[in-house]
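Below are the structure tokens for one structure; questions will follow.
All of the numbers you see were taken from the coordinates with simple rules; none came from a lab. Values in this document were obtained by computation on a predicted structure and should not be read as measured data. Methodologically, a virtual Cβ is constructed for each residue, glycine included, from the backbone with ideal geometry; neighbour enumeration extends over all protein chains shown.
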């Protein structure tokens, strides 16, 4: 593959993910306001792990193990922890725990299936990962289910926040911040859908722009809370 500048974009995304993950972990430790920050930190970690694997494939070449690891980190775990964090933020603890138990079971089974699946070596590309390498095609049917769950929570959470917070200037920043977080978390899914058609470069752009939107949304909420004397957003 003729590598272009866009193929090195995951390196930048990985560096940003590492920095953002540290910010979220620090907030989780200092704030101790609930599990949602830990879920968000996990989401950004897997987000960065996926782009780190993309960087490795771009720079040093691909393998079945790298492709499977990329699929697990990106397709299965890229947006799901962020969405589960929204569940803990907006729903009751009991409901969020129930959803976490159910969805983690699906994610675990899908992860094991990816690991155990034979590989279609004819689909393995030298410097570009693709889910087509996974031989058990049924495994890839679970990804839309996980992404649908994430979509409902992220978009539903953003809509709920807009309805609750946009009416007052004192809380409008929450609506804006949550909307940016939702948009950023969904962008890699859009890029991933285009990647299935062979345009993996769209995924790289979506991941980078998506992470920037997520961090911007978080930053808007965090900055307002700092101005009110609370150093870390919940």
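Residue separation times 0.36 nm, minus the C-alpha to C-alpha distance between residue 19 and residue 109: what's the value?
So the extension gain works out to 29.4 nm.
Test of understanding: what is the full-extension gain from residue 168 to residue 65, defined as 0.36 nm times their sequence separation minus their Cα-Cα distance?
The span from residue 168 to residue 65 would gain 32.0 nm if fully extended.
Please work out the FRET efficiency for the pair residue 98 and residue 148, using the Cβ-Cβ distance as r and a Förster radius of 22 Å; give the result to the nearest 0.05.
0.80
Going by C-beta contacts inside 10 Å, put 172, 94, 140 in order with the fewest on the left.
By the 10 Å Cβ count, ascending, the order reads 94, 172, 140.
Another question, then. List the equivalent ellipsoid semi-axes of the stretch 13-87 in whole Å, largest first, each obtained as the square root of 5λ for an eigenvalue λ of the Cα gyration tensor.
In descending order, the three semi-axes are 26, 13, 7 Å.
For the chain, what does the helix formula give at 222 nm: sum of -39500 (n - 2.57) over DSSP H segments with n ≥ 4, over the residue count, nearest 500 deg cm²/dmol? Spell out each step's value before the answer.
Working: 8 runs with 166 residues, N = 234.
-24500 deg cm²/dmol, from helical runs alone.
Rounded to a whole number of µm²/s, how large is the Stokes-Einstein D of the stretch 139-218 at 37 °C and 0.692 mPa s, given Rh as the Kirkwood radius over C-alpha pairs? It would help to have the intermediate numbers written out before the result.
On the way: Rh = 13.3 Å.
For the chosen part, D equals 247 µm²/s.
Here is a follow-up. Hey, fewest Cβ within 10 Å first, where do 149, 47, 71 land in order? Walk me through the intermediate numbers first.
Numbers: 149 20, 47 30, 71 27.
Ordered by Cβ neighbours within 10 Å, fewest first: 149, 71, 47.
Cα atoms only, the chain: Rg and Dmax in Å?
Using the Cα atoms of the chain, the pair Rg, Dmax is 17.8, 58 Å.
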